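Participant: Sharing a structure, written as structure tokens. Questions coming.
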Amino acid sequence: MTDWDRFEAGLAEELAMLPAGALVTIDTKAPDTEPGFAQFAQFEGKVLAELGAYADLDRDVGLNAPGAPLVLATGWHPPDQSDRDNWWVELPWPITSAIYRELAAMVVIGLRDAFHVSGPARLVYRAWNSKAGNRPFDLPLLGIEKL
């Protein structure tokens, strides 16, 4: 099992346990030449996930960005400069564990293959609950450093 496989499995498990109000960002360590990120918001009736690379936000956002065909093929919706800056997917909640595994795979393909993040060791995360006074919480199954 590779580091990416462990990260993907851990991400799927952690996402499945997020409470309503949870917000999670997974980002590359700074300074970094591999700038990619994923973020998640757990609402009462849906999960919103976003994926992006900071370089894309400064140039050709959307379908013209490097790696865009791969990200699109995995199921992400492209950025819309008038509304959304990042690749995104919105899923009705509750979600099955199979769909969480699919979402985690979409994140890994985006970070690893489209945005060229070399490995989970380059990633850090933040997690907090907006419904609990923005109290931070841990996601140990990710296997990456907490900010």
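The values are calculated or read from the model by the stated rules, or taken from the named source; none is laboratory data. All values derive from a computational prediction rather than experimental measurement. Cβ sites come from the backbone with ideal geometry, for glycine too, and all protein chains shown count toward neighbours. Note: areas computed on protein heavy atoms with side chains; ligands, DNA, RNA excluded. Shrake-Rupley method; radii C 1.70, N 1.55, O 1.52, S 1.80 Å.
Participant: Quick one: in segment 108-124, of everything that is of a type outside the set (Val, Ile, Thr) and assigned to a helix (DSSP H, G or I), which residue is modelled with the lowest pLDDT?
Facilitator: Ala114
Participant: Here is a follow-up. Among the residues of segment 1-24, write down those that are of a type in the set (D, E, K, R), closer than 11 Å to Leu141 by Cβ and in contact with a Gly (Cβ under 8 Å, 6 or more places away or on another chain).
Facilitator: Arg6
Participant: Tell me, yes or no, whether segment 108-122 has at least one residue that is β-branched (Val, Ile, Thr), within 15 Å of Pro35 (Cβ to Cβ) and crowded, with 17+ Cβ neighbours inside 10 Å.
Facilitator: Within segment 108-122, one or more residues are β-branched (Val, Ile, Thr), within 15 Å of Pro35 (Cβ to Cβ) and crowded, with 17+ Cβ neighbours inside 10 Å.
Participant: Suppose we filter segment 125-147 for residues that are in a helix (DSSP H, G or I) and not hydrophobic (A, V, I, L, M, F, W, C); how many remain?
Facilitator: 1
Participant: From (1) modelled with pLDDT of 95 or more; (2) open to solvent by less than 80 Å² (accessible area, probe 1.4 Å), pick out the condition that doesn't hold for Glu145.
Facilitator: Result: Glu145 passes all but (2).
Participant: Could you tell me whether any residue of segment 104-119 is more than 14 Å from the chain's Cα centre (by Cα) and closer than 19 Å to Val47 by Cα?
Facilitator: Looking through segment 104-119, none of the residues is more than 14 Å from the chain's Cα centre (by Cα) and closer than 19 Å to Val47 by Cα.
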